[in-house]
Amino acid sequence: MEEQYFIKGGNPLVGEVEISGAKNSALGILAAAIMADEDVTVRNLPDVSDIRNFLEAIRLIGAQVVYPDPDDPHVVKINGRGIQSLEANNDYIRQIRASYYLIGALLGKYKEAAVALPGGCAIGARPINQHQKGFRALGADVHICNGIIFTKAERLIGKSIYLDVVSVGATINIMLAASMAEGTTIIENAAKEPHVVDVAQMLNQMGADIRGAGTSRIRIYGVRKLHGADHEIIPDQIEAGTFMCAAAATRGDVTVTHVIPQHLESITAKLVDMGAMVEVAETNDALRVWAPDRLVSTTIKTLPHPGFPTDMQSQFAVCLTLAEGTSLVTETIFENRFQYADELTKMGANLTVEGTTAFIQGVKGLTGATVAAMDLRAGAALVIAGLAAEGVTCVEHIKYIQRGYERFEEKIRSLGGDIRRVTVHDREDQKRELLKLQLEVI
Ligand code: EPZ
């Protein structure tokens, strides 16, 4: 039994949609929050399963987690004073990739941590050798045993650390640990994503002294103690980009609100390359995307920020399957991020993947099919394909999508998309639901 999306395609998405807080920022922010022994209020938290699981995980080690308004899951108050266990080894931890941020936070604050390593990931190997390199450089002993990463240090001493790979996770994790080390740490070849800057800003609000976040060289002057703060998480650039692609793919007209347009520059540029129109609102916190005509082909190459984000690659590939001409999509960050290709082929797309590049020959239209989400962003991309396709699409394994998209089907319906979330017990159930929808289409 699982929940699945059933989509009747063909409706252009039209209207306004409010973008939630950035999941990939929130995970680092919540880890930073437990480093103080005072109340830290976090606002604009996305209400998604990765966040709910992370909050349970920190509650289990003793942190106080309170919703000031029980009816509002977007604001949480955290206090790290009550932490009794430095071993975070539970099912909640194992469900989230970025649970490893607890290592940097606990190591920085208590000079010790034992955190269960996250499970495998569909998009690639996801090593953490750069995280380990950073912790060791600061003076910690790091070893992995029985699926748990153990770190311990008498003292953490600031060092200059060069990342062999531009890594968001390693940058944030080292920033967390170094914020309470003695002396100065410099991270060279650091990641520059907006969520790295957001975590640095939150740490500085808590009394840390971090400069240069957003550049490839981040300086962290260690402090002895961090204090309470009140921080609002930045909008989710990838959720915004996903809805911008959905507007373009369905030839709709969508305004995404509560965004930071400058975080969306590479996404906007590519949509304009493909013939979509993009307009920044005068309030500079919303973007309108519309695409009355058929999109045109382009080439995409994913790169670390400010390059084109790998988390937008699958959503753009869907747009390109419908564009006039041949497009190339090259994935340089992860080694296995084209799993959606076979699923799109079932819908009539014409794409082949060779190594790190997808060759996409645009077709006039897609047709509905039953497809499987393999990871968070590929799942969102398949929903976009279903919204643009003719006929009925069923997207299976939507738990992946619910990890990072708040009220996804609700937001799509508010834009006129015909999508429903159904609990399906078996294949027969699924067939009945599909038939019901197909009869509606006729
Ligand atoms: C973060 O993952 C995001 N996840 C990913 O978003 C995103 O795709 C990625 O950054 C790149 O922007 C979260 O923030 C929770 P990396 P992260 O470390 O930190 C290699 C989504 O859909 N690497 O920047 O794990 C790694 O294999 C998710 O929201 C090492 O070799 O990504 C990859 O090839 C998917 N050694 C490259 O670096 C390390 O120690 C970039 O990974 C760490 C990473």
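Laboratory data are not the source of any read-out in this text; all were calculated from the coordinates shown. Remember, predicted model here, so these are calculated numbers, not experimental data. Cβ coordinates were reconstructed from backbone atoms using ideal geometry, including for glycine residues, and neighbour counts include every protein chain displayed.
Summary of computed values
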read-out	value
Listed residue pairs exceeding 23 Å between alpha carbons, taken from LYS109/LYS399; LYS111/LYS192; LYS152/LYS225; LYS23/LYS192; LYS346/LYS411; LYS8/LYS431	LYS109/LYS399; LYS111/LYS192; LYS346/LYS411
Zone of GLU428's modelled label, taken as backbone nitrogen in region 1-28 under 15 Å from a point 7 Å along Cα→Cβ	1
Label-point separation, ASP293 to GLN205 (7 Å along Cα→Cβ), nm	4.5
Per-peptide average of other Cβ atoms within 10 Å, ordering 228-237, 373-382 highest first	373-382, 228-237
Computed over region 250-386: relative contact order in percent, which uses C-alpha pairs under 8 Å that are six or more apart	20
Cα shape, region 287-327, gyration tensor, a/c 1.5 rule	oblate
Cut-off under 5 Å, modelled amide H: who pairs with ALA229 long-range	VAL40, THR41
Whole-number percent relative contact order across the chain, with pairs defined as alpha carbons under 8 Å at least 6 apart	20
Positive minus negative residues near GLY355 (Lys, Arg vs Asp, Glu; Cβ under 15 Å)	-1
Listed residue (ALA276, GLY404, LEU287) projecting farthest to the positive dipole end of the chain, Cβ model	GLY404
Cβ-placed point charges (K, R +1; D, E -1), dipole of the chain about Cα centre in debye, nearest 20	1000
Packing-based order for 200-212, 394-406, using average beta carbon neighbours within 10 Å, highest first	394-406, 200-212
Helix runs (DSSP H) in the chain reaching 27 Å along axis by Cα, Kyte-Doolittle at least -0.5	none
Hydrodynamic radius by Kirkwood, which averages 1/r over all alpha carbon pairs of region 315-442, in angstrom	15.2
Positive-end residue, the chain charge dipole about Cα centroid, Cβ charges, pick of ALA358, GLY379, ASN90	ASN90
Virtual spin-label span in nm between TYR162 and SER85, 7 Å along Cα→Cβ	4.1
Cα pair distances in the chain, grouped into 20 Å bins until the bin that holds the longest one, percent each	26, 55, 19, 0
Sum of -39500 (n - 2.57) over DSSP H runs of 4+, divided by residues of the chain (222 nm, nearest 500)	-9500 deg cm²/dmol
Theoretical FRET efficiency, 1/(1+(r/R0)^6), r = Cβ-Cβ of GLU324 and HIS258, R0 22 Å, to 0.05	0.10
Inter-probe distance in nm under a simple model that places probes 7 Å from Cα toward Cβ, at GLU335 and LYS225	4.7
Peptides 64-73, 129-138 ordered by average Cβ neighbours within 10 Å, highest first	129-138, 64-73
Cβ-derived FRET efficiency at R0 41 Å, LYS364 paired with ASP141, nearest 0.05	0.10
